[in-house]
Amino acid sequence: MNKGFTLIELLVAITIGMLVVGFGTVSLNNFFENQKVELTRQELMANLRFARNYAATNQFTDDGNRLSVTINNDGLMEMKSYKEDDITYVETIFSKDITPKNIGVTFLSSFLSGAIKFSVTDGRSIGGTASIIINGANTTKIIKIDESGLIYEE
């Protein structure tokens with residue numbers, strides 16, 4: 001009596017092992033992609049809250065009296081103070097690329113200038129609302145900013 005494995009038994013075991021490893025790799029890649037989207041969402045929300053609070057506490061130079069936040073489609077987020085009367089930017093307070101590789105950010109705004117503007121008196125958004133869409137391969141998250149300055153995930 002032979003106590004070894006036949007060639008067919010070995011091939012079946014190797015095939016099953018390869019299938020398990022293949023499905024595990026796909027699941028792991030999806031997990032990492034979802035984590036990138038979630039971390040981008042958390043960083044965006046933290047930076048937007050920072051901008052709103054910065055405006056509400058009125059920490060500007062003498063020349064600036066409003067705060068503008070822009071996010072371009074490449075993921076560059078900029079926070080600048082500006083003069084209300086002539087929309088001249090006074091200083092860049094914050095500028096950072098907030099998106100990791102393979103994550104897309106789309107900024108949709110009802111503001112004419114395409115930027116979120118926060119009031120220096122109460123942190124409310126001035127003149128409109130905005131939506132920020134964060135896209136990964138399998139996940140989409142949406143951040144909204146309403147006219148009261150409330151920042152939330154949809």
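The values are calculated or read from the model by the stated rules, or taken from the named source; none is laboratory data. Quick caveat: nothing in here was measured; it's all calculated off a predicted structure. FYI the Cβ positions are ideal-geometry reconstructions off the backbone, even for glycines, and counts take in every protein chain you see.
Before moving on, here are some points about what is shown:
- Qualifying position, being crowded, with 20+ Cβ neighbours inside 10 Å and at pLDDT below 80, among I132, I116: I116
- Pick from region 74-88, criterion closer than 22 Å to V105 by Cβ, part of a strand (DSSP E or B) and not aliphatic (A, V, I, L, M), ranking: modelled with the highest pLDDT: E78
- Some residue of region 56-65 being of a type outside the set (A, V, I, L, M, F, W, C), at pLDDT below 75, within 21 Å of E153 (Cβ to Cβ) and loosely packed, with under 13 Cβ neighbours inside 10 Å: no
- Flag if N2 is among the polar types (S, T, N, Q), modelled with pLDDT under 85, out of contact with any Lys or Arg (no Cβ under 6 Å at 6 or more places or on another chain) and more than 30 Å from G123 (Cβ to Cβ): yes
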